[in-house]
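The values are calculated or read from the model by the stated rules, or taken from the named source; none is laboratory data. Keep in mind it's a predicted model, so treat the numbers as computed, not measured. Here Cβ is always computed from backbone atoms with ideal geometry, including for glycine, and neighbour counts include all displayed protein chains.
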Amino acid sequence: MTDNMAIERSRTVAVVGTGTMGQGIAQVALVAGHPVRLHDTAPDRAREAAEAIVGRLDRLVEKGRMSPEERDAAAGRLSVAEALDDLADAALVIEAVVERLAVKQELFARLEKTVADDCLLATNTSSLSVTAIAGKLRLPGRFVGLHFFNPAPLLPLVEVVSGFATDDTAATRAYATVKEWGKTPVRCADTPGFLVNRIARPFYAEALRLYEEQAADPATIDAVLRDCGGFRMGPFELTDLIGQDVNEAVTRSVWDAFHQDPKFVPSLAQRRLVESGRLGRKTGQGWFAYTEGAERPAPRSEAPAPAPAKVTVHGDLGHAEPLVGLIEAAGIKVRRQKRGGHFTLPGGGHLLLADGEAVFEYEGEEIVYFDLAHDYTAATRIALATAPTTSPETLQEAVGLFQALGKEVTVIGDVPGMIVARTVAMLVDLAVDAADRGVASAEDIDTAMRLGVNYPAGPFEWAALLGYEKVSQLLGALHTRYPNGRYAPCLGVVRREYEERAR
Ligand SMILES: NC(=O)c1ccc[n+]([C@@H]2O[C@H](COP(=O)([O-])OP(=O)(O)OC[C@H]3O[C@@H](n4cnc5c(N)ncnc54)[C@H](O)[C@@H]3O)[C@@H](O)[C@H]2O)c1
């Protein structure tokens with residue numbers, strides 16, 4: 001990709017629709033050096049937007065991130081267009097109007113009569129089909145999706161979406177331009193939810209399902225994904241921030257767009273929450289309360305238990321191998337045996353990394369599952385799963401073992417795949433499926449998930465840590481226990497498992 005295809009800084013960028021996103025995008029283009037023209041149909045909205053943008057530049061000056069001269073020059077490049085016809089000389093028009101297909105189609109039909117034939121046309125839609133918005137255009141080849149994230153001046157990721165009719169040159173120009181603006185663009189095909197909103201669905205969906213299955217309460221599920229999984233925020237606190245209605249609408253639109261594929265099925269628990277008006281922070285109540293003085297419920301943590309004097313490690317623990325060093329450093333004796341892939345506790349109970357099966361299936365055996373961590377050394381919490389048949393002594397030994405490593409320990413219900421392992425397996429599955437369908441490269445998918453939703457690792461990086469054999473085992477076992485297709489590993493996961501074995 002060559003950067004010299006970027007639109008020259010002397011050329012005008014027009015932003016149509018100057019609400020939250022339009023203002024942010026306009027600021028980015030302005031600071032990058034372009035003359036920027038704002039247009040909005042609501043009276044005075046574009047003028048107010050221009051004032052708001054200059055106000056934000058003033059704050060950058062106060063913080064020492066911009067000189068007063070740069071601010072004055074930028075403000076001088078910013079103008080308001082009362083009519084669409086005033087955008088005739090734009091080299092790029094970015095639309096950020098209401099999320100309604102007919103409104104966007106009508107806008108671009110009018111714009112196409114105004115701007116030059118080589119003007120790049122872009123939509124910031126987050127859920128509509130880029131192909132459909134361009135469907136009625138005379139020149140749909142110059143039409144792209146430029147999906148910025150809110151707040152656009154701060155968040156680096158931009159999804160550059162090619163519709164069915166988008167020319168490669170147009171996508172390349174759009175990519176090079178936003179890269180010149182200091183953003184991190186990723187390229188993707190026109191798919192429901194694009195990259196981030198498509199691949200992130202299981203992060204919310206698995207948490208909701210685990211809650212429905214009474215594996216744990218929301219605060220505990222959040223804590224496990226944060227403190228063990230390494231995710232910045234848990235799905236319940238995050239959807240309270242996004243708005244339960246907004247998050248559910250994205251889930252429903254992706255599910256509908258995929259013709260109600262079970263991989264994307266919405267949650268009844270979230271439906272009820274939305275129906276009850278508990279939309280999250282904005283209404284003062286979602287999964288958690290946000291009224292003055294309200295306290296967040298504490299995640300479930302076990303009371304202190306004595307550390308076992310020794311453990312036996314059977315075979316190679318794979319991604320969980322760093323635990324062995326931590327155990328030795330805690331002064332617990334480690335004996336190694338050749339085959340297996342698990343721990344044995346002094347009382348004879350076995351400790352296994354979540355593999356998609358449930359504890360109750362091990363009739364007569366003493367089993368405790370532990371959840372997947374992004375990094376076992378850095379994790380501050382470990383989740384354990386037991387069945388009612390597991391003896392309290394075995395559970396206490398397992399709790400004491402992880403507590404001796406300085407971890408909080410959370411015991412959850414006996415659900416296959418636990419919390420982090422199940423979520424990560426599904427993220428990998430959707431990412432591999434998207435890559436194999438030509439939606440985007442593996443590298444761009446990882447970048448999008450790290451920057452767009454702050455994941456500690458992209459799905460392909462998780463897969464490299466775990467190995468596809470483990471991912472496939474998790475999904476296969478989950479699919480056996482929930483045989484409606486949601487967990488069926490996609491062909492690409494199985495193919496990569498075979499390729500991995502052949503290496
Ligand atoms: N808010 C987000 O977090 C976010 C993130 C990414 C993408 N998006 C997408 O960006 C777009 C805008 O979202 P927003 O949150 O900034 O909305 P917003 O409601 O803050 O702003 C929309 C603006 O468009 C104007 N408008 C409506 N119809 C118009 C028309 N025909 N011509 C010109 N102006 C018109 C409105 O007056 C309003 O000022 C949507 O497509 C949305 O899906 C939003």
- Does the stretch 297-307 contain at least one residue that is under 14 Å from Phe370 (Cβ atoms) and assigned by TED's automatic domain parsing to the domain that holds Asp375? no
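Could you grab me the full set of residues in the stretch 210-242 that are under 13 Å from Ile382 (Cβ atoms) and not in a loop (DSSP other than H, G, I, E, B)? Please lay out each step first, then the result.
So the first thing to find is which residues in the stretch 210-242 are under 13 Å from Ile382 (Cβ atoms), and the list is 220, 223-230.
Of everything in the stretch 210-242, those that are under 13 Å from Ile382 (Cβ atoms) and not in a loop (DSSP other than H, G, I, E, B) turn out to be Thr220, Ala223, Val224, Leu225, Arg226, Asp227, Cys228.
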- In the stretch 121-144, residues that are buried (at least 21 other Cβ atoms within 10 Å of the Cβ) and assigned to a helix (DSSP H, G or I) total 4
- Per the filter on the stretch 123-150, residues within 11 Å of the ligand (Cβ to nearest atom) and of a type in the set (Gly, Ala, Ser) are Ser126, Ser127, Gly145
- When you scan the stretch 265-312, how many residues do you find that are over 24 Å from Val399 (Cβ atoms) and assigned to a loop (DSSP other than H, G, I, E, B)? 17
- Could you tell me whether the stretch 16-32 includes any residue that is assigned to a strand (DSSP E or B), near the ligand (Cβ under 10 Å from one of its atoms), surrounded by 20 or more Cβ atoms within 10 Å (Cβ to Cβ) and among the β-branched types (Val, Ile, Thr)? yes
- The helices (runs of 4 or more DSSP H) lying entirely within the stretch 405-486 that contain at least 3 residues which are at pLDDT 95 or above and within 15 Å of the chain's Cα centre (by Cα) are 420-436, 442-452, 459-466
- Message: Restricting to the stretch 109-121, give me the number of residues that are within 30 Å of the chain's Cα centre (by Cα) and either within 13 Å of the ligand (Cβ to nearest atom) or more than 22 Å from Ala165 (Cα to Cα) (or both).
- Response: 0
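Got at least one residue in the stretch 86-97 being at pLDDT below 95, more than 13 Å from the ligand (Cβ to nearest atom) and of a type in the set (Asp, Glu)? Steps first, answer last, please.
Going residue by residue through the stretch 86-97, those that are at pLDDT below 95 are none.
No, that holds for no residue.
Restricting the search to the stretch 151-172, which residues are in contact with a Ser or Thr (Cβ under 6 Å, 6 or more places away or on another chain) and within 16 Å of the ligand (Cβ to nearest atom)? Explain how you work it out, then say what you get.
Applying the first criterion (in contact with a Ser or Thr (Cβ under 6 Å, 6 or more places away or on another chain)) to the stretch 151-172 yields 156-157, 163-164, 171.
Answer for the stretch 151-172, where residues must be in contact with a Ser or Thr (Cβ under 6 Å, 6 or more places away or on another chain) and within 16 Å of the ligand (Cβ to nearest atom): Pro156, Leu157, Gly163.
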- Among the numbered conditions (1) surrounded by fewer than 14 Cβ atoms within 10 Å (Cβ to Cβ); (2) at pLDDT 95 or above; (3) on the phi > 0 side of the Ramachandran plot, tell me where Lys333 comes up short. (3)
- Message: With the structure loaded, tell me whether Leu60 is surrounded by 16 or more Cβ atoms within 10 Å (Cβ to Cβ), more than 8 Å from the ligand (Cβ to nearest atom) and over 20 Å from Thr184 (Cβ atoms) or whether it fails that test.
- Response: yes
- Query: Can you spot a residue in the stretch 145-158 that is touching a Lys or Arg at 6+ places or on another chain (Cβ under 7 Å), without any contact (Cβ under 8 Å) to a residue 40 or more places away in the chain, not in a helix (DSSP H, G or I) and not acidic (Asp, Glu)?
  - Reply: yes
- Message: Tell me the residue from Ala102, Ala46 that is surrounded by 12 or more Cβ atoms within 10 Å (Cβ to Cβ), modelled with pLDDT of 95 or more and in a helix (DSSP H, G or I), please.
- Response: Ala46
- Query: What is the number of the single condition among (1) in a strand (DSSP E or B); (2) near the ligand (Cβ under 10 Å from one of its atoms) that Ser79 does not meet?
  - Reply: (2)
